[in-house]
Amino acid sequence: MNENRAIKKGRLRILDPRPKLMLMASASTACMLTSNLWYIASILVVLVVTLLIGGMNLSLLWNRAKAIFMLIIMLFVIQTLFFGMGRADAAPLLHIGGFGFVYTGGILLAAMLSLRLLVIVFAGLILLEGEIRDYLLALVQMKIPYTFAFMVVIGLHFLPILREEATNVYCCMQLRGKDFKKLKLTGKIRAYIGICLPILVSALRRADEMSIAMETRGFRSQPRRTYMRQLKMRGADIALTILFPAIFVGLYFLVKFL
Amino acid sequence: MSTEKRIPIEVRNLTFAYERDEKSGTETTTTAVPPALSGIDLTIESGTVVVLIGPSGSGKTTLCKCLTGIIPKLIKGNLDGEVLIFGREIAQDSSVEISMLSTQIGFVMQEPDHQIVMTTVEDDIAFGPENSMMPSPEIRALVDHLIADMGLEAKAETNPNNLSGGEKQRLTVAGVLAMEPEIMVFDEPVSSLDAVGKAHFVEIVKELKAAGKTIIIVEHDYEVFDFADRWILIKDGRVAADAIPSAIPKTLLERELWR
Ligand SMILES: Nc1ncnc2c1ncn2[C@@H]1O[C@H](COP(=O)(O)OP(=O)(O)O)[C@@H](O)[C@H]1O
Ligand SMILES: [Mg+2]
């Protein structure tokens with residue numbers, strides 16, 4: 001999807017989009033259906049193993065998801081520290097100046113939420129190892145209405161453009177002598193509004209013109225459309241599409257009876 | 001089809017004013033907006049290259065949108081007069097749909113980024129034919145042909161975001177040509193290109209003309225198109241001059257454009 005692909009021509013990239021979509025869907029559903037820590041952790045292990053077998057380089061993986069990992073760690077700490085504060089029915093593990101911090105319940109809840117977030121992040125990382133154009137075809141071949149499939153795809157297509165525009169505006173402001181590092185919080189907020197407004201305006205204009213351009217090229221003039229390319233599932237693709245959800249079902253019973 | 005020569009474009013006494021959508025409280029103030037076009041009469045013969053010249057805000061883009069049916073089908077306003085494409089009235093007749101027009105008149109808008117839809121060059125060219133339900137093998141052949149014509153062979157699977165300005169523009173031209181229209185309208189195609197890009201675009205226009213297409217080009221940089229059949233000067237929404245390039249005094253154009 002972007003230039004610095006973590007896997008150049010790795011196994012995951014060659015894989016049909018449908019097993020990847022199935023993996024994403026079944027992993028995120030499975031981790032929401034139960035609050036069993038061992039089960040959610042085992043889903044995470046499956047995802048990591050898939051990424052490693054798929055050829056993902058660990059240091060690149062870290063680079064890609066660094067910010068999100070940091071955020072998850074921060075959420076975990078905040079959750080553990082403050083969950084259950086002031087509750088009479090639980091005994092705090094830590095006492096500072098008459099206040100109780102860190103409860104067993106808090107740690108468990110924080111661990112569960114963090115693990116769930118990690119599952120979603122890793123499933124997303126697996127999806128990133130594919131082309132937007134293939135997901136469009138996959139969605140359409142799965143009988144998703146094409147107008148909906150295009151909405152998703154055009155949204156994904158626009159994200160990098162928006163980011164580029166944001167960098168442009170940011171650079172323009174710096175060139176005009178605005179030093180973001182020296183600004184106070186209110187000044188920073190004002191400066192970021194100054195970045196977001198022009199981007200919003202140009203995004204709206206672009207969306208307007210884009211819809212006109214699409215209509216002049218016949219979009220939605222027919223109830224169906226044809227496609228230049230066709231995706232074909234090979235044996236391995238079909239097997240994995242079935243295997244991924246089967247693994248999660250199997251793990252569920254394994255964890256339950258262990 | 002009759003034996004008489006079909007006239008690609010006829011505009012009769014066309015006047016158009018954009019609607020101003022002002023919402024001041026509860027009252028709807030219908031302030032009179034000065035028309036962007038007033039009393040345009042224009043006939044464009046088959047196979048000709050016409051250049052529309054005029055200062056910024058004179059109504060060139062608005063005229064293009066009227067010719068391609070975008071006004072009034074997609075952008076509303078107060079429209080008077082008639083626009084005929086190959087003899088069929090399109091501005092007043094509400095049964096004419098924009099997708100029917102796309103196989104007759106193609107419009108390459110000013111901003112390439114605003115009309116590139118798909119995430120690879122070949123997919124974007126295929127977008128139009130796919131919409132009109134062309135069978136896959138035929139689309140493949142058409143797309144490969146257009147990619148070669150526009151010199152984009154090495155970029156077929158590239159993300160359009162990573163193309164140069166000139167390449168982006170050739171991609172949008174290919175995307176519109178894929179609808180196989182007989183008339184092509186270009187809005188300021190070369191003003192943001194370097195000398196090489198301009199020369200490349202001029203070659204494309206000459207090839208399209210040789211293929212029998214009727215071509216309308218809006219451009220400040222009119223001297224690039226000295227081979228055109230007509231230069232038309234638009235001023236304040238009216239046709240101020242209309243002649244072969246050599247018959248229009250350069251001093252007049254310069255005075256009108258840079259005043
Ligand atoms: N979408 C719009 N809504 C309202 N007014 C517009 C719109 N587009 C253009 N105009 C106005 O119409 C006039 C002609 O604009 P335009 O056709 O874009 O000129 P040109 O392409 O020659 O620069 C200008 O005064 C402009 O402000
Ligand atoms: Mg214009």
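So here's what we get for this one:
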quantity	calculated
Förster-model FRET efficiency, 30 Å R0, A:A236 and A:L113, C-beta, rounded to 0.05	0.30
Computed accessible area, A:L52, all protein chains, 1.4 angstrom probe, square angstrom	90 Å²
Over chain A: helical MRE at 222 nm, DSSP H runs n ≥ 4 each giving -39500 (n - 2.57), nearest 500	-24500 deg cm²/dmol
Candidates B:L74, B:L63, B:L52: whichever shows maximal mean-square fluctuation once chain B is modelled as a Gaussian network with Cα springs under 10 Å	B:L74
Shielded residues, the stretch A:206-222 - accessible-area loss of 50 Å² or more between chain alone and all protein chains, probe 1.4 Å	A:R206, A:E209, A:M210, A:I212, A:E215, A:T216, A:R217
Surface share of carbon and sulfur [accessible, 1.4 angstrom probe, percent] for the stretch A:94-243	69 percent
B:H200, B:H114, reordered so the largest accessible area comes first (probe 1.4 Å)	B:H200, B:H114
For A:M24, net neighbour charge (Lys/Arg +1, Asp/Glu -1) across residues whose Cβ lies under 12 Å away	+1
Over the stretch B:92-189, relative contact order from alpha-carbon pairs under 8 Å, at least 6 apart, %	50 percent
Listed residues A:M151, A:M112 arranged by accessible area, highest first, probe 1.4 Å	A:M151, A:M112
Reachable lysines from A:K256, criterion Cα separation under 29 angstrom, eight or more residues apart if same chain	A:K20
Filter on B:K206/B:K250; B:K155/B:K206; A:K178/B:K60 - keep pairs with C-alpha separation over 27 Å	A:K178/B:K60
Shielding by partners, peptide B:128-141 (average Cβ within 10 angstrom, other chains)	5
Exposure ranking of B:S46, B:S102 by accessible area [1.4 Å probe, largest first]	B:S46, B:S102
For the pair B and A, total buried accessible area rounded to nearest 100 Å², probe 1.4 Å	3200 Å²
35 Å tail of the calculated P(r), chain B, as % of Cα pairs	17 percent
Partner chain coverage, peptide B:96-108 - average Cβ within 10 angstrom	3
Cα centre as origin, Lys/Arg/Asp/Glu Cβ charges: the stretch B:106-194 dipole, Debye	60 debye
In range of the label at B:F227: residues from the stretch B:175-194 whose backbone nitrogen is under 19 Å from the point 7 Å along Cα→Cβ	B:183-191, B:193-194
Length released on extending from B:S191 to B:K206, taking residue separation times 0.36 nm less the Cα-Cα span	3.6 nm
Sorted largest first, extent of chain A alpha carbons per principal axis (Å)	70, 59, 35
Pairwise FRET efficiency - B:K250 versus B:S56, Cβ, R0 = 30 Å, nearest 0.05	0.95
Neighbourhood charge, 10 Å Cβ-Cβ cut-off, centred on B:G151 and excluding it, Lys, Arg +1 and Asp, Glu -1	-2
Accessible-area composition of the stretch B:133-259, carbon plus sulfur, in percent [1.4 Å probe]	51 percent
Net charge of Cβ neighbours under 14 Å - reference A:F148; Lys, Arg +1; Asp, Glu -1	+4
Length gained when the stretch A:T147-A:A67 is fully extended (0.36 nm per residue, less Cα-Cα span)	25.5 nm
Convex hull volume per residue for the stretch B:59-140, taking Cα atoms only, in Å³	112 Å³
Per residue value of the accessible surface for the stretch A:135-258 (all protein chains in place, 1.4 Å probe), Å²	66 Å²
Cα gyration tensor category, rounded, prolate or oblate, for the stretch A:145-227 with a/c compared to 1.5	prolate
Heavy atoms of B:D226 accessible to a 1.4 Å probe, total area in Å² rounded to 10	100 Å²
Sites A:L254 and A:V201 - FRET efficiency at Förster radius 45 Å, r taken between beta-carbons, to 0.05	0.25
Of all DSSP beta bridges in the protein assembly as shown, antiparallel share, percent nearest 5	60 percent
Global form of the protein assembly as shown, assessed from the alpha-carbon gyration tensor, a/c cut-off 1.5	prolate
Partner chain coverage, peptide B:68-80 - average Cβ within 10 angstrom	1
GNM flexibility winner over chain B from B:E167, B:E138, B:E97 (Cα, springs under 10 Å)	B:E138
Accessible area of A:W62 in the full protein assembly, 1.4 Å probe (Å², nearest 10)	110 Å²
222 nm mean residue ellipticity, helices alone, for chain B (DSSP H n ≥ 4; -39,500 (n - 2.57); rounded to 500)	-9000 deg cm²/dmol
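The values are calculated or read from the model by the stated rules, or taken from the named source; none is laboratory data. Please read these numbers as outputs of a predicted model, since none were measured by experiment. Cβ atoms come from the backbone with ideal geometry, glycine included; neighbour counts cover every protein chain shown. To get the accessible areas, we keep the full protein, side chains included, count just its heavy atoms, and leave off ligands, DNA and RNA. Shrake-Rupley method; radii C 1.70, N 1.55, O 1.52, S 1.80 Å.
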